[in-house]
Amino acid sequence: MAKVKPFGAYHYNISRFGKDVTRFVAPPYDVIDGVLEKSLKDDRLNITHITLGNEDDSYEVAAKRMCRWLHDEVLVHEKEDSFYVYEQTFQSPDKTPRVRSGIIGLVKLEDFSTGMVLPHERTIPKHKADRMELLSAVKGNTEQIFMLYDDPSGKIEEMLQSVRKREELLRFLDNEGVHHRIIRIAERDLIEKISSAMAPLKLLIADGHHRYETSLEYRNKMRSKDGHTDEERSYDFVMATMVSFRNPGLVIYSTHRIVSGVDKGTLDSLQKSLREDFDMITVDSPESLANQISQGPDGSIGVWIPSVSLTQIAKPKGDLPKDQMERLSVQILQENVLKKRLGFTQEMLDKKVNIDYIKGTDTVMKIMSEGEHEICFFVKPPSADQVLAVAETGRKMPQKSTYFFPKIWSGTLLYLQ
């Protein structure tokens with residue numbers, strides 16, 4: 001169902017710079033704050049000079065910079081079409097060592113209506129407009145979309161594992177202690193086996209919904225310009241890292257919600273009204289609350305209101321629905337608390353009006369200590385099976401429902417059309 005093929009990647013010139021590309025690569029554009037951006041851009045050849053232009057830069061400047069890097073052989077082209085293994089070695093929050101490995105290749109762009117590629121989260125139009133400007137200027141991908149596939153046979157995973165001991169093409173250590181390796185697969189027989197094994201599978205977008213939808217829009221724009229034919233064009237494909245749902249290194253973390261602009265009267269009424277639909281269970285600290293929600297049953301929400309020293313688990317009364325979407329903490333929080341009890345509209349949630357989406361308990365604790373937010377809601381992350389089950393129904397989870405770690409970094413490999 002999904003067409004996946006090898007490609008001739010562009011990458012930083014290892015003959016000039018060596019295999020360690022730490023100085024050149026960066027996290028995805030949408031998780032880089034101002035401080036990190038400045039640090040990354042201290043190196044004039046860092047990929048953020050393409051993915052995140054300076055304030056006085058236009059997207060055309062990014063395109064000219066890319067052309068200059070190609071001319072000066074800062075970036076070089078692998079002439080032979082290949083697949084690439086992307087291996088990330090890291091520690092989960094509980095200090096468990098993990099290795100997540102996936103395959104980098106080109107995925108043929110498919111409309112969501114075909115069911116071949118599945119989204120799982122809502123997207124925000126503003127973010128897509130920005131990426132469209134960059135894609136139109138650069139005419140290629142500097143970042144991979146993160147996709148998941150389900151291969152019960154395990155054949156693809158076996159093929160990837162068979163090349164893990166090879167010397168890497170590129171490597172780097174990121175600022176969160178994750179070791180990244182890129183390994184090239186150029187053998188024709190192995191490439192054909194991987195392509196054939198991927199062919200009957202659906203792909204689910206784990207991270208990069210905006211970039212995928214932008215690539216679809218760009219493809220449609222180019223088809224209108226060039227005339228649509230059955231012949232495949234370079235813009236019919238997008239670069240992706242594909243990881244098996246069954247890979248032991250695949251873990252999903254929580255993205256918690258912190259809310260501001262809530263007056264005392266609303267806080268008082270919230271505490272009372274929650275008891276109508278939830279059993280409220282008091283715990284001794286915010287840290288304990290976050291941990292219990294993370295490890296606890298589906299549907300429960302952690303409610304922390306520092307001003308009244310309230311740290312409680314809100315457990316839905318009665319049995320949860322069998323529908324996987326309606327069992328999710330993030331869905332119950334959005335519909336039954338944020339919208340129903342706190343007056344949020346979908347537009348407010350999309351535009352982050354009086355709400356922020358925060359990854360990691362430590363970060364939540366730091367921000368809440370500053371006293372600018374009245375409520376923190378801790379949520380349980382969905383499992384990989386739940387993500388797939390919801391996506392297969394054609395519905396989308398609330399934005400920021402999933403946080404996949406580690407991120408797929410920018411600037412490792414590039415696909416230029």
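The values are calculated or read from the model by the stated rules, or taken from the named source; none is laboratory data. Remember, predicted model here, so these are calculated numbers, not experimental data. Heads up, the Cβs are rebuilt from the backbone with ideal geometry, glycines too, and the neighbour counts pull from every protein chain shown.
From the list T311, T345, T393, which residue is in contact (Cβ under 8 Å) with a residue 40 or more places away in the chain, of a type in the set (S, T, N, Q) and outside the structural domain of A206 (by TED's automatic domain parsing)?
Working: T311 fails: in contact (Cβ under 8 Å) with a residue 40 or more places away in the chain; T345 fails: in contact (Cβ under 8 Å) with a residue 40 or more places away in the chain.
Matching residue, one of T311, T345, T393: T393.
Output the residue which, of all residues in segment 226-247 that are among the β-branched types (V, I, T) and under 18 Å from the mean Cα position of the chain (by Cα), is nearest to F90 (Cα to Cα). Going through the qualifying residues, I end up with V243. Checking H49, H71 one by one, the residue that is under 20 Å from R131 (Cα atoms), without any contact (Cβ under 8 Å) to a residue 24 or more places away in the chain, in the same structural domain as L201 (by TED's automatic domain parsing) and not aliphatic (A, V, I, L, M) is H49 and no other. Give the residues of segment 322-361 that are loosely packed, with under 12 Cβ neighbours inside 10 Å and of a type outside the set (V, I, T), sorted by residue number. Correct list: K322, G343, E347.
Out of the residues in segment 1-57 that are basic (K, R) and within 30 Å of L204 (Cα to Cα), state the one that is surrounded by the most Cβ atoms within 10 Å (Cβ to Cβ). Residue satisfying both the conditions and the ranking: K3.
Results for (1) acidic (D, E); (2) farther than 22 Å from T96 by Cβ; (3) not in a loop (DSSP other than H, G, I, E, B), shown as yes or no for each residue.
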| site | (1), (2), (3) |
| --- | --- |
| F378 | no, no, yes |
| P381 | no, no, no |
| V387 | no, no, yes |
| V390 | no, yes, yes |
| Q399 | no, yes, no |
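Summed over segment 288-311, residues that are within 12 Å of F377 (Cα to Cα) and out of contact with any Phe, Trp or Tyr (no Cβ under 8 Å at 6 or more places or on another chain) total 3. Residues in segment 11-34 that are among the aliphatic types (A, V, I, L, M) and modelled with pLDDT under 95 were compared, and the one that is nearest to D72 (Cα to Cα) is I32. Of all residues in segment 316-338, none satisfies being farther than 26 Å from P119 by Cβ, of a type in the set (S, T, Y) and touching a residue at least 12 places away in the same chain (Cβ under 8 Å). Out of curiosity, is T266 crowded, with 21+ Cβ neighbours inside 10 Å and either part of a helix (DSSP H, G or I) or among the basic types (K, R) (or both)? It is false that T266 is crowded, with 21+ Cβ neighbours inside 10 Å and either part of a helix (DSSP H, G or I) or among the basic types (K, R) (or both).
Any idea which of V259, V251 is buried (at least 16 other Cβ atoms within 10 Å of the Cβ), touching a Ser or Thr at 6+ places or on another chain (Cβ under 7 Å) and touching a residue at least 24 places away in the same chain (Cβ under 8 Å)?
Numbers: V259 fails: touching a Ser or Thr at 6+ places or on another chain (Cβ under 7 Å).
So the residue among V259, V251 that is buried (at least 16 other Cβ atoms within 10 Å of the Cβ), touching a Ser or Thr at 6+ places or on another chain (Cβ under 7 Å) and touching a residue at least 24 places away in the same chain (Cβ under 8 Å) is V251.
Among the residues that make up segment 357-369, is at least one of them farther than 21 Å from P306 by Cα, of a type outside the set (V, I, T) and under 17 Å from the mean Cα position of the chain (by Cα)? Scanning segment 357-369, I find no residue that is farther than 21 Å from P306 by Cα, of a type outside the set (V, I, T) and under 17 Å from the mean Cα position of the chain (by Cα), so the answer is no. Tell me whether segment 80-101 contains one or more residues that are of a type outside the set (A, V, I, L, M, F, W, C), under 23 Å from M159 (Cβ atoms) and in a loop (DSSP other than H, G, I, E, B). There is at least one residue in segment 80-101 that is of a type outside the set (A, V, I, L, M, F, W, C), under 23 Å from M159 (Cβ atoms) and in a loop (DSSP other than H, G, I, E, B). Take the conditions (1) of a type in the set (A, V, I, L, M, F, W, C); (2) surrounded by fewer than 23 Cβ atoms within 10 Å (Cβ to Cβ); (3) touching a Phe, Trp or Tyr at 6+ places or on another chain (Cβ under 7 Å); (4) within 27 Å of Q312 (Cβ to Cβ); C376 misses just one of them, which is (2).
Do we find a residue being under 24 Å from I183 (Cα atoms), surrounded by 18 or more Cβ atoms within 10 Å (Cβ to Cβ) and in the same structural domain as L75 (by TED's automatic domain parsing) anywhere in segment 106-118?
Taking segment 106-118 as the starting set, the residues that turn out to be under 24 Å from I183 (Cα atoms) are 106-108.
Remaining after also requiring surrounded by 18 or more Cβ atoms within 10 Å (Cβ to Cβ): 106-107.
Now narrow it down to the ones that are in the same structural domain as L75 (by TED's automatic domain parsing): 106-107.
Yes, that holds for at least one residue.
Say we look at segment 90-105 and pick out the residues that are surrounded by 21 or more Cβ atoms within 10 Å (Cβ to Cβ) and aliphatic (A, V, I, L, M); which of these is farthest from T412 (Cα to Cα)? Reasoning before the result, please.
If we filter segment 90-105 for residues that are surrounded by 21 or more Cβ atoms within 10 Å (Cβ to Cβ), which is where we start, we get 100-105.
This time we only want the ones that are aliphatic (A, V, I, L, M), so: 103-104.
Values: I103: 13, I104: 11 Å.
Of everything passing the filter in segment 90-105, I103 is farthest from T412 (Cα to Cα).
Going through segment 210-240 one residue at a time, which ones are acidic (D, E), outside any helix (DSSP H, G or I) and free of Cβ contacts under 8 Å to residues at least 40 places away in the same chain? Please lay out each step first, then the result.
Within segment 210-240, the subset acidic (D, E) is 213, 217, 226, 230-232, 236.
Those left that are additionally outside any helix (DSSP H, G or I): 230-232.
Matches in segment 210-240: D230, E231.
When segment 243-257 is filtered for residues that are assigned to a strand (DSSP E or B) and either among the polar types (S, T, N, Q) or touching a helix residue (DSSP H, G or I) at 6+ places or on another chain (Cβ under 8 Å) (or both), the ones remaining, listed by number, are S244, I252, T255, H256, R257.
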